[in-house]
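Reading through the structure tokens given below for one structure.
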Amino acid sequence: MSLLVVGLSHRSAPVSVLERAALSADAQVKLAQDIVSAEPAAEAAVLATCNRIELYADVDKFHAGVAELSTLLAQHSGVGLEELTPYLYVHYEDRAVHHLFSVACGLDSMVVGEGQILGQIKDALARGQELHTAGRLINDLFQQALRVGKRAHSETGIDRAGQSLVSFGLEQLADGADVPGWVAGQRALVIGAGSMSSLAATTLARLGVSELVIANRTLDRAEKLAASLVALGQGTVRAVPMSAVPDELTRASAVVSCTGATGLVLTAEAVADALAVPEGASAVMAGAVVAEGALRAPDGSLVARLAETASRDGRVRIRDLGGRPAESGDTGCPVGLDDSPAATGAGDPAQHGVWMENAGGAAVVAPRQAVRHRGGSVRMALLDLAMPRDIDHAVHRIPGVRLVDIESLADASADAPMAADVDQVRDIVAAEVAAFGAAQRAARITPTVIALRAMAADVVAGELARLDGRLSGLDEKQRGEIQQTVRRVVDKLLHAPTVRVKQLAGEPGGAGYADALRTLFDLDPETVASVSRADPTDRETDAENRGRS
């Protein structure tokens, strides 16, 4: 059996393809189970993150394994095989080991050196163990990858070469400003309570946001995360259900979203609606404002629909700024969302707000406090770390909104400087790959060596039994001396060849030594196979016991 990796990542595929191929948690489980059910694979694990999907399997046939894993990935991702194939990469045996070790060290990450991938590798291994799809090879490989990753971070300065995707995303949101200074005092909304969202919430709390709100479909999980963050910052931390997101958007100046949803969590309309509500007012309060006077907002938005409903009920009349009845399609706002100069970045985003008819004239209800960026005022900064995306990409056309997502992070990271420590990490990876390969090759011959020793022990036991029948006059001490002498002779004859064959088997091309041993000593293949299936500790102990019986 040999290790095979089939996958795609931000290095091989555009974000649009990664987004479509993203696997839900249930799909990952089913995929791992289907891999081990397929003929070429004996064990498997699925490593799925926001910018990679990789299948690891122990296969007995390379070409059949590649075909089967590619087909299964296409089936479970919903992307056609013909469309997916150009973006897939394949690694085999030592190259597969090298790839995972590089991934574990952060060398293959979108942000070089980030350490979050270690947690994701650990999760993939735990899932394989729970599903019983991870056998001896996958367990050894992933556990060693975790050790190599930790070694790289402890022995080198790879952490200085990169950062977490969250930190890098916040850096891009700050757009050249000092991140701690940019974050401090803001009202932040984090959508989701998984590992990435938890990291984002923790980072924001430590940087000193004035208010942190965590929204999640499971409120209990959001509450637990919020409780753990109270001591990290000086601001308030709250947990809310997902139904409260529209209302929380009206107060947030920074939003981070990373959920496992398959559809959009925040639409462009939802963001536009939130920006149309003045600071300090909620979406519900906005309805009361409509009842008191004529309110104009982006056509089709929540506020506009509330105004229309009130107008139909005879409570208010919808008017434009000049006091005339609004024409169909007229938003009544001097800065539109679709076809005005501001929509393309030419207008002043700060003008966009809620417009009211009040005391005989039009007045602008002041929008939330704008955050100064290098490129101008930004009233809402959005960081989308989900794959597939949580936030509608169209929000970037809304004046006063800045969006950073996986695609823009990939573009920005391509120009990020590499630290000198990266070369040291590569040396560590190369050495660890060689050591792992040698250990695995040596382990492959171990069942054959154990079977050989077991056969020798059976021969010794048979000869001693025959000797007992012929020399019945021996006392116990004499019989014991003879038995010990015979066993020592056999052990000494086997010691040098078995130690040497393990050393040779650990070298490249050493797989043939196991076949040579089986042929020379006429070992039963089924006996060797049964030893391979046994637990390593149990089989070593059993062989020793048989030699002493």
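The values are calculated or read from the model by the stated rules, or taken from the named source; none is laboratory data. Computed from a predicted model, the values in this text were never measured in an experiment. Glycine also receives a Cβ, built like all others from the backbone with ideal geometry; neighbour counts cover every protein chain displayed. Quick note on the areas: whole protein, heavy atoms, side chains included, nothing else; ligands and nucleic acids left out. Shrake-Rupley method; radii C 1.70, N 1.55, O 1.52, S 1.80 Å.
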Using the beta-carbon distance between ALA435 and SER243 and R0 = 56 Å, what value does 1/(1 + (r/R0)^6) give for FRET efficiency, to the nearest 0.05? 0.60
Probe radius 1.4 Å, ligands and nucleic acids ignored: give me the carbon and sulfur share of the accessible area of segment 452-503 as a rounded percent. 58
For segment 169-264, which whole percent of the accessible surface, found with a 1.4 angstrom probe, sits on carbon and sulfur atoms? 53
Give me the lysines in straight-line cross-link reach of LYS61: C-alpha distance below 23 Å, same-chain residues under 8 apart excluded. LYS30
Per residue, accessible area of segment 99-174 with a 1.4 Å probe, heavy atoms of protein chains only, in Å², comes to 35
Whose amide H sits under 5 Å from the amide H of ASN216, counting only residues 5 or more places off or on another chain, with H placed in the peptide plane? GLY192, VAL240, MET242
By a straight-distance test (C-alpha under 21 Å), which lysines pair with LYS150 as possible cross-link partners, with residues fewer than eight away in the same chain excluded? LYS122
Would you kindly state how much longer the chain becomes between VAL499 and ALA184 on full extension, computed as 0.36 nm times their sequence separation minus their alpha carbon distance, in nm to one decimal? 107.1 nm
Scan around VAL256 for amide H atoms under 5 Å from its own, H built in the peptide plane at 1.01 Å from N, and keep only partners 5 or more places away or cross-chain. LEU189, VAL190, ILE191, LEU383
Peptides ranked, highest mean first, by Cβ atoms within 10 Å: ranges 267-273, 44-50: 44-50, 267-273
At 1.4 Å probe size, with every protein chain present, just tell me what the per residue accessible area of segment 30-78 comes to in Å². 35
Taking R0 as 45 Å, what's the FRET efficiency between GLU155 and SER472 from their Cβ-Cβ distance, rounded to 0.05? 0.10
List the lysines whose Cα sits under 18 Å from the Cα of LYS492, skipping any in the same chain fewer than 8 residues away. LYS502
Set the Förster distance to 25 Å, then compute FRET efficiency between SER37 and GLU526 from the Cβ-Cβ distance, nearest 0.05. 0.55
